[in-house]
Amino acid sequence: MCSGSFAKCLGITLIPLAILCVLCNILLFFPGGLVAEDNNHITNEVFYFGGIMGSGVMMIFPALVFLGLKNNDCCGCCGNESCGKRFAMFTSIIFAGVGVLGAGYSFIVSAVAIHNGPKCLYTNGTTELWTNPFVNGDYLNNHTLWEGCKEPEGIVTWHLTLFSMLLVMGLLQVVLCAIQVVNGLIGAICGDCCGCCGGE
């Protein structure tokens, strides 16, 4: 498969992933699927916009560039169409780097959010308080701690499901963009389609 065609396949894959990441981040603004009565009831990491900015907006630009590589020869250069395509493949490496940074940011935010757990109305038997009771990450292996969260109902599962989806999709985006870095290097050195360097 030619480098441009392969990049187009990566772009087609990245766009739905970016849309899903944006949707997951938006859903996190509604703890347990409900409208929050106060912004302080929403987990802090949601406001870092890892899914919206990192895996969303910052991923759309690389995806669109990858989609256009198949037919983009940058108008050629010095009358040599191949030269233009090689330059286009080279510039795709820069956009792939942007994608890695964005998805990496989303991945880190999601990992921190999973470790810290959600905010909820937590009771320890005597007092009830809106807080983040799981900052030590010990709730992941001890499901009995989840019972302390009284509101919103099912917030721990909601939190873990959406941030886990962001974590996995962010990691997948990093891998796809890293693959395009290699693909872009091959395309820049060998040309868009080549059996070996020098033959297109």
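The values are calculated or read from the model by the stated rules, or taken from the named source; none is laboratory data. These numbers were taken from a predicted model, which means no experiment stands behind them. A quick note on method: Cβ atoms are made from the backbone with ideal geometry, for glycine too, and the neighbour counts reach across all protein chains shown. With ligands, DNA and RNA removed, areas are computed over all heavy atoms of the protein, side chains included. Shrake-Rupley method; radii C 1.70, N 1.55, O 1.52, S 1.80 Å.
Below is a table of values for the structure above.
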quantity	calculated
Residue list for the stretch 156-179, restricted to those being open to solvent by 50 Å² or more (accessible area, probe 1.4 Å) and either without any contact (Cβ under 8 Å) to a residue 60 or more places away in the chain or not in a helix (DSSP H, G or I) (or both)	Thr157, Thr161, Val168, Val175
Scan of the stretch 15-49 for residues that are of a type in the set (Asp, Glu) and either within 30 Å of Val98 (Cα to Cα) or under 21 Å from the mean Cα position of the chain (by Cα) (or both), ordered by number	Glu45
Answer residue from the stretch 110-139, given it is modelled with pLDDT of 85 or more and open to solvent by 70 Å² or more (accessible area, probe 1.4 Å) and is farthest from the chain's Cα centre (by Cα) among those	Leu129
The stretch 31-46, residues that are farther than 16 Å from Ser110 by Cα and open to solvent by less than 80 Å² (accessible area, probe 1.4 Å)	Gly32, Gly33, Ala36, Asp38, His41
